[in-house]
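The values are calculated or read from the model by the stated rules, or taken from the named source; none is laboratory data. No experiment lies behind these values; they were computed from the predicted model shown. FYI the Cβ positions are ideal-geometry reconstructions off the backbone, even for glycines, and counts take in every protein chain you see. The area values use the complete protein model at the heavy-atom level, side chains included, leaving out ligands, DNA and RNA. Shrake-Rupley method; radii C 1.70, N 1.55, O 1.52, S 1.80 Å.
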Amino acid sequence: RETRRLVDLERLRKTSTAFLFGRERGATPGRYDKILATLLLTATVLFGLVFLYPELSIGRHSLNDSVFHYTASLRMSQALGSGENPLDCWVGNYSLGYPVWRSYQPLPHFVTALLFKSAGTFFSTDAIYTFVFYLLLSLLPLCFYLFGRSAGLGPVGASVASALSLTVSAAGELDRYGIGYGAFVWRGSGLYTQLWGLIFMLCALGAVLRSLRTGRGVPTAGLLLALTGLSHIVFGYVALLSAALCCLAYQGQDAPCFVRRLHRIALVSIIALALMAFFLVPLWLDGEYINHSRWEAEWKWNSLGAEAITKKIVGGLFFDAGRWPVLTILVGLGALLAAFRA
């Protein structure tokens, strides 16, 4: 009886592992796995493209942060045309004006400004900004899929993760600053640079895991980490800390020794920090002149505290505030499965 129980447990483990993670590391996924994953991923991306389509009709007249991001991108585009330094130009639209990109992540505005210059002859800047925002938000589940694959999930497991990314939300004010639709759409906060940072962070962490596992792609991982920080300072900070945690917690039969992982993550971090130096060094030197906005809640830079966050996780409010604790249960099951496979 005990032998049969152990055999059944091992069969269950192999079945769940094959479904979510692939049959073996490096093994070619089965035909039906590929078909199911492709159908689910396609449906997820189409859902975003269809249900976010009304965002295209709104233009730049959003009552949220898009007003700032559009104006900042337009000012940087003007600086590119007039020969000014686009990363250190004066933005006079607010009060007496100030050099925005001395203390604000420049990459999303810079790329958008380049699009304004290159495509502005054929399309209005309003339409370009709105379409870029719409396209990035619609394709966000694809980034979750790619991260899942890099993290070791099989095609089906990664496509399930991409579909679950659509359910991420929170109740009340927190929904306007998280990674759910409430942070980005017209009725939400319009956090343009945060969307760029989230996309690059998912790609960067996937590249970090790949470089830790194989030793290849170290420069790519460093570049993607730098792009994350230049897109959103907070997400860059989170990505660097997450990369360090990946180095410490990496497990599996194919995991290299700790010293080798430490060497690889050190190279990745050095490359990332070197590429961000042109932004981080002036930011650090100007630190005494930069203060927190009096309009912002303190938790946005000082956290909610470990005690409050722990209570929210245990109580199901961290992942599912105001809803049935679906994601909380799935996260718990995922943690148990990870411990079972360890």
### Task
Taking the Cα centre of the chain as origin, work out the dipole magnitude from +1 charges on Lys and Arg Cβ and -1 charges on Asp and Glu Cβ, in debye rounded to 20.
1440
### Message
Calculate the FRET efficiency for Val234 and Lys34 from the Cβ-Cβ distance with a Förster distance of 41 Å, rounded to the nearest 0.05.
### Response
0.65
### Task
Hey, could you get me the Stokes-Einstein D for region 278-326, Kirkwood radius over alpha-carbon pairs, 4 °C and 1.567 mPa s, rounded to whole µm² s⁻¹?
94
### Query
Of the heavy-atom accessible surface of the chain (probe 1.4 angstrom), what whole percent is carbon and sulfur?
66
### Query
For the chain, what does -39500 (n - 2.57) per DSSP helix run (n ≥ 4), summed and divided by total residues, give at 222 nm, in deg cm²/dmol to the nearest 500?
-21000 deg cm²/dmol
### Task
Along Cα→Cβ, 7 Å out, is where each label goes; now give me the distance between the ones at Leu166 and Thr121 in nm to one decimal.
4.0
### Query
Can you give the angle from 0 to 90° between the axis of helix 31-51 and the longest principal axis of the chain, with both taken from C-alpha atoms, to the nearest 10?
30
### Query
In Å², what does the accessible area per residue of region 70-140 work out to with a 1.4 Å probe?
47
### Message
Between 0 and 90 degrees, rounded to the nearest ten: what's the tilt of helix 192-214 against the longest Cα principal axis of the chain?
### Response
40
### Task
Pairs of Cα atoms under 8 Å, at least six residues apart: use those to get the relative contact order of the chain, whole percent.
16
### Label of the coordinate-derived value, semi-axes √(5λ) of the Cα gyration tensor in Å, listed as (1) 38, 23, 21; (2) 56, 22, 18; (3) 65, 30, 20
(1)
### Summary
So the angle from the long Cα axis of helix 258-285 to the longest Cα principal axis of the chain, reported in degrees to the nearest 10, equals 10
### Query
Residue farthest toward the positive end of the dipole of the chain, with Cβ of Lys/Arg at +1 and Asp/Glu at -1: which of Phe147, Pro86, Ile179?
Phe147
#### Entry: Most positive-pole-ward Cα, Tyr129, Phe340, Ala306, against dipole of the chain from beta carbon charges
Phe340
### Task
Based on the mean of other Cβ atoms within 10 Å per residue, sort peptides 154-164, 121-131 so the most packed one is first.
154-164, 121-131
### Query
Roughly how many whole Å is it from the C-alpha centroid of region 194-255 to that of region 121-155?
18
